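Novice: Below is one structure. I have some questions about it.
Every number in this text was worked out from the coordinates using simple rules, so none of it is lab data. Everything numeric here is computed off the predicted structure, so don't read it as measured data. With ideal geometry, Cβ positions are generated from the backbone for all residues, glycine too; neighbour counts draw on all protein chains shown.
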Ligand SMILES: [Zn+2]
């Protein structure tokens, strides 16, 4: 049986129904993932606020998946996308300055208004603790009295 309502009115009802359902969903993981499903839900559902993201990062889902909120891109991102110092001390998950945390991607982007990025290239290497290390391992044939193998490591 065809509906008596005009098609535009049917679509309005559908949109209202989706919004009502979305209001009853938890932000993590359901609503957050629903918003990323397709363009329709991405435009229909309002983006989470920074405050909502900070609250969501203390949920069991966020803790299990090591997710943290970024203040600039307003996304929950894995811990490895942040500089180490952004996840320590006051900027940690329960820290007083957790609202100041931003991801590496946002850190290397130029700031609004065209001013320099928050991180320079050298800062990025320092933040990531990236360094090159040549390691050679040599074993000695002699076994000591405790039957443990002696290994010497030379770092150059
Ligand atoms: Zn970010």
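Novice: Given 10 Å bins starting at zero, what is the percent of C-alpha pairs of the stretch 50-113 in each, up to the one with the largest pair distance?
Specialist: 25, 59, 15, 1
Novice: Moving on to the next point. May I ask you to sort 123, 12 by Cβ crowding, counting other Cβ atoms within 10 Å and putting the fewest first?
Specialist: Details: 123 15, 12 12.
So the residues, fewest neighbours to most, are 12, 123.
Novice: Can you sort 102, 61 from fewest to most other Cβ atoms within 10 Å of each residue's own Cβ?
Specialist: 61, 102
Novice: What do you get when you divide the Cα radius of gyration of the stretch 19-92 by 2.2 N^0.38 Å, with N the number of residues?
Specialist: Scaled against compact globular proteins, the figure is 1.14.
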